[in-house]
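The values are calculated or read from the model by the stated rules, or taken from the named source; none is laboratory data. Quantities reported herein were computed from a predicted structural model and do not represent experimental measurements. As a convention, Cβ positions derive from the backbone with ideal geometry for all residues, glycine included, and neighbour counts pool all protein chains shown.
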Amino acid sequence: MLQRRWPDPATVLMTALGPGSRLWERAQGHPDALTVRLGSADQLAADGGLLVAAPVTVDLRQCGSLGLAGPPARVAGLARSVVAQLAALHSPAALEIVLISGEERLAQWSWLGWLPQLQPMRGQDCRLLLAYDGEQATARTDELTRRLEDGPLGPGWASASPAAAAAAAARHVGPRTVVVVDGAPGPAALHDTLARLAVSGSAAGIHLLCLTEAPAASPVSPLPMSYEAACAASAPFAASGVAAVLSGDVATGLQIVHGNGDGATSGIAGATGVSGVTGVSGITGATGATTTVTVDAVSAAWAERFARALAPLRPAASAQGGAFGGSDGPPTVPLPDSARLLDELGLARATPASLLARWAAAADEVPAGGRALAVLGAGPRGALAVDLAADGPHALIDGTAGTGKTELLRSFAASLAAAERPDRLELILVDGAGAGAGEGLRVCTDLPHVSTHLAATDPVRMREFAQALSSELKRRAELLDRLDFTAWHARPHHGEGGSGGGGDAADPGGTPGAPGAGSARVVAPRPPGDIDPPPSDTLHTLNLRAQRTASAAAAATRSRPFLPRLVVLVDDFDALVAPALGSPGRPAAGSVVRALEAIARDGARLGVHLVVASGRPDRTADTVAVERAGLRIVLDPRPLNPAHPGEAERPLRSERPDTAPAASPRSVTSTPAAAAAPGGDPAPGRGRLFRPEDAGGTPFQAGRVTGRIPRTATQRPTVVPLEWRRMGDPPARRPLRELGNGPTDLALLASALQRAAQSADAPTAPALI
Ligand SMILES: Nc1ncnc2c1ncn2[C@@H]1O[C@H](COP(=O)(O)OP(=O)(O)OP(=O)(O)O)[C@@H](O)[C@H]1O
């Protein structure tokens, strides 16, 4: 019975080779999860009888971390047996295994690389969870400590008492991590961190298996002496909750010691046997001080055979539910240093046909009133998208100078446009600080969804804009009456004109779904644009207006088939809230802010959404726009994937490396390390998305849309030799080189969108002013 519950090495191997029915039997919450068999000993049963060679086990959940000490070759045999049990009985969805060792032990641990539990499932930046040098060891420990910082003990986890750690560990739910530490390379500070992990790691489901060299306990070197020698050799071993010291002339016995988590040998006096040791289970009766456990050990060849048998196996998708990050779907992958929006949108070749197909599919599946779906960029599980209609209604982008706010707003606008027809979704763009040094949001005005662009430099125009925006809200409120936007669109007999839009026969004055003749903004189809650089500010604004007025007469004969959702995207919102002295738009900034705040207050019901970017969160924190933002994005230049050696060139390097970003006062992710950017240049566009019930946020790399089409040469496959010792490095990434003189992705997309809009007869809403 006990043999079956805690299988011996032969059964473990058969389970892997089969694969047998016991494979990965211990799911999260299994009573024997993380309980490992170290060997066997004769024991007294509860009824007083003798159990011959019954398993001796240790529950890692109780003891936190386990130390193994003895002559290296013997410890290796025991460690192989322990790790193999864990890998055979726990699926990769329930357990990940990490190795931190040194290059001299490469051959000894090479079998481990075959185990599926070594695959990075939480977005770690490596091919396998291995560390054979100082840099890899630092990367692995950083990944683990970050998890503790985000865990129940918070950033002060390292100084938490063992009792606090144990209490937090008892409450831990979710997958676990076992870190094998065997002669870790690197500086003393790393060993210190590992020792702290040995004490407190279990609070975040992290358990260490610390191996170290020591003389086998024997009359020549009594147990206390061997244990002291092991503690002196390894700080993580000394900090382990339970230690097993090999004993006997040929080190085939085992004695178990209860450490107290700080290196002291509290349990040593009574530890010549195994009885009464906290965290050690499977011993049902006192076995006396002289009992010796016969150790389980397997050879390197055994381990290689075992691991290769498991190598091709993966947990079924259904078994992964809830593991590693809480939701179903593909496992997490490391974030790239840069992302191309068109790739994330699945529109690498943005053609009118692909956009028409997308719009048609959206019309079939979306709820009444449509969506406002925007892909932000690359997330840990593929493209990261938000729906303002479902998740918003409004969004806020915080980030210091140069973190990529303007680019993210452009990508937001472009991906909103790719998801819906221009007659179902209208975009209004506001550059709160004028166009500034760059082009600001003006580069997006070729998207057929954009009805109006305001650069906040001309007070007269700004006031007109504020007034027109307020009138638009009023018009919508009157039109919808007491219904909200979705309910209004869902009404029966609503003259929406079907999913195809266009040609609706609703009477503009009489049908409830259509705007009253007096209040209707006319709809003007836009001619397709070209992909040349946009003309100068004034000229372009005039063009936009001319296009719309010229066709207004023709459009006036047509009723408005569909009240579109309206998204107002505002860059440099802080410059509107607190305009600089002497800035030309200063006299009218207040009126624009008030109009935007009205959207923040009432927009949700009217199908109007606000997306604001603020470079000075301290200035905008008290605004209604910020208070009502359900979606918050914090752009933070901290490189989550530090540059790795040999990386010749980082793609899409910031054009302004000298604008050293200061930690944002509201930045949720800002840490002392945030501004320092150790290990590489800050990566613009790196950020976190916070949804209302998501305190931790989802990291992402914003998709760039004003880059140019990549050279085909950079998209060819890269072939690199793989060696075990380099598997812990970040995967080699080929720097993306763009075609120097081609059109930008935004221009390509805008041109395709214009052609798609024309063939779908999906007119743009008329300009506000
Ligand atoms: N997702 C991205 N990928 C690659 N490069 C980016 C990305 N986003 C921005 N950049 C680059 O970083 C630089 C700064 O971007 P951007 O102007 O959008 O930042 P910002 O936060 O709006 O700055 P500011 O507040 O000074 O206007 C630009 O050179 C831009 O090309």
Which ones in the range 10-25 are assigned to a loop (DSSP other than H, G, I, E, B) and either loosely packed, with under 15 Cβ neighbours inside 10 Å or in contact (Cβ under 8 Å) with a residue 40 or more places away in the chain (or both)? Gly18, Pro19, Ser21, Arg22, Leu23, Trp24, Glu25
Only one of Leu89, Leu60 is under 38 Å from the mean Cα position of the chain (by Cα) and under 21 Å from Trp302 (Cβ atoms), namely Leu89
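Do we have any residue at all in the range 660-670 that's within 16 Å of the ligand (Cβ to nearest atom), of a type in the set (D, E, K, R), farther than 28 Å from Glu478 by Cβ and at pLDDT 90 or above?
Pass one, the range 660-670, residues within 16 Å of the ligand (Cβ to nearest atom): 660-667, 669-670.
Within this subset, residues satisfying the condition of being of a type in the set (D, E, K, R) are 666.
Applying the additional criterion that residues be farther than 28 Å from Glu478 by Cβ yields 666.
If we keep only those that are at pLDDT 90 or above too, we end up with none.
Within the range 660-670, not a single residue is within 16 Å of the ligand (Cβ to nearest atom), of a type in the set (D, E, K, R), farther than 28 Å from Glu478 by Cβ and at pLDDT 90 or above.
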Residue count, the range 296-342, condition modelled with pLDDT under 95, outside any loop (DSSP other than H, G, I, E, B) and buried (at least 17 other Cβ atoms within 10 Å of the Cβ), comes to 6
The range 100-113 residues that are more than 19 Å from Leu310 (Cα to Cα), paired with ones that are assigned to a helix (DSSP H, G or I) and of a type in the set (Lys, Arg) (beta carbon under 7 Å, 6 or more apart): Ile100/Arg140; Glu103/Arg725; Leu106/Arg725
Looking at the range 589-600, can you tell me whether even one residue there is in a helix (DSSP H, G or I) and at pLDDT below 90? yes
Considering only the range 388-409, state which residues are charged (D, E, K, R) and within 8 Å of the ligand (Cβ to nearest atom). Lys405, Glu407
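Let's see how each residue does on (1) in contact with a helix residue (DSSP H, G or I) (Cβ under 7 Å, 6 or more places away or on another chain); (2) away from the ligand (no atom under 11 Å from the Cβ):
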residue: Phe412; (1), (2): no, yes
residue: Ser415; (1), (2): yes, yes
residue: Leu429; (1), (2): yes, yes
residue: Gly440; (1), (2): yes, no
residue: Thr445; (1), (2): yes, yes
Give the residues of the range 601-626 that are within 16 Å of the ligand (Cβ to nearest atom) and assigned to a loop (DSSP other than H, G, I, E, B), sorted by residue number. Gly615, Arg616
Every listed condition ((1) away from the ligand (no atom under 11 Å from the Cβ); (2) surrounded by fewer than 24 Cβ atoms within 10 Å (Cβ to Cβ)) holds for Leu425 save (2)
Note on Leu739: of the conditions (1) aliphatic (A, V, I, L, M); (2) in contact with a strand residue (DSSP E or B) (Cβ under 9 Å, 6 or more places away or on another chain); (3) more than 29 Å from Leu425 (Cα to Cα); (4) at pLDDT 80 or above, unmet is (4)
Which one is farthest from Ala419 (Cα to Cα) among residues in the range 451-468 that are of a type outside the set (S, T, N, Q) and in contact with an Asp or Glu (Cβ under 8 Å, 6 or more places away or on another chain)? Ala456
State whether one or more residues within the range 33-49 are in contact with a His (Cβ under 8 Å, 6 or more places away or on another chain) and either closer than 20 Å to Ala243 by Cα or touching a residue at least 24 places away in the same chain (Cβ under 8 Å) (or both). yes
State the number of residues belonging to the range 603-626 that are surrounded by fewer than 20 Cβ atoms within 10 Å (Cβ to Cβ) and more than 20 Å from Arg691 (Cα to Cα). 3
Just need a number here: residues in the range 691-723 that are within 16 Å of the ligand (Cβ to nearest atom), at pLDDT below 80 and of a type in the set (A, V, I, L, M, F, W, C). 1
Could you give me the residue pairs with C-beta distances under 7 Å whose first residue belongs to the range 132-160 and is among the β-branched types (Val, Ile, Thr), whose second residue is in a loop (DSSP other than H, G, I, E, B) wherever it lies, and which are 6+ apart or on separate chains? Thr138/Gly186
